[in-house]
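Since every read-out is calculated from the coordinates, none of them should be taken as a lab result. A quick note: this is a predicted structure, and the numbers were derived from the prediction, not measured. Using ideal geometry, Cβ is built from the backbone for each residue, glycine included, and neighbour counts are taken over all protein chains shown.
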């Protein structure tokens, strides 16, 4: 899975992946386009937990998950994180298990594409 982060601001931003590593495959100035993929370093990219995205730049990371569960990629800036500057990647398992992924909290808010969708039924375990 590839993820790209853009920074249109004048200060740098840091992004962190909790509990796992990713490969920083590109950090470049300007605007990302699909043609930029040919510049990705797929041979000897550095494994990291946090990446900095410099002003007016973009960064691309490669994620290779080897187990099921929910992964949180988030801004290191607490104000930005509070305002929702984060994303979740879910690696599905053929079997439902609280070992791999907890139920969504009852107090969770939904927005965007899932705003009007019904919440998933909680799993109680076997």
Subtracting the Cα-Cα distance of residue 39 and residue 9 from 0.36 nm times their residue separation yields 8.5 nm
Going by a ≥ b ≥ c, the root eigenvalues of the Cα gyration tensor, does region 65-122 fall in the rounded group (a/c under 1.5), the prolate group (a/b larger than b/c) or the oblate group? oblate
For the chain, set up a GNM with springs between Cα atoms under 10 Å and report which of 50, 33, 64 has the largest fluctuation. 33
In what sequence, highest mean first, do 109-119, 14-24 appear when ranked by Cβ atoms within 10 angstrom? 14-24, 109-119
Residue among 48, 99, 81 with the largest mean-square fluctuation in a Gaussian network model of the chain, springs linking Cα atoms under 10 Å: 99
Assuming R0 = 22 Å, can you tell me the calculated FRET efficiency for the pair residue 117 and residue 89, based on Cβ-Cβ distance, to the nearest 0.05? 0.75
Take the chain, connect every pair of alpha-carbon atoms lying under 10 Å apart with a spring to form a Gaussian network, then pick out the residue of 94, 29, 55 with the largest mean-square fluctuation. 94
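At 0.36 nm per residue, minus the direct Cα-Cα distance, what do residue 48 and residue 97 gain on full extension? Give it in nm, one decimal, please.
This chain segment gains 14.8 nm when fully extended.
Please state the shape class of region 2-114: rounded when a/c is under 1.5, otherwise prolate if a/b exceeds b/c and oblate if not, all from the C-alpha gyration tensor.
The shape class here is oblate.
What percent do you get for the relative contact order of region 2-114 when only Cα pairs under 8 Å and 6+ apart count?
31 percent
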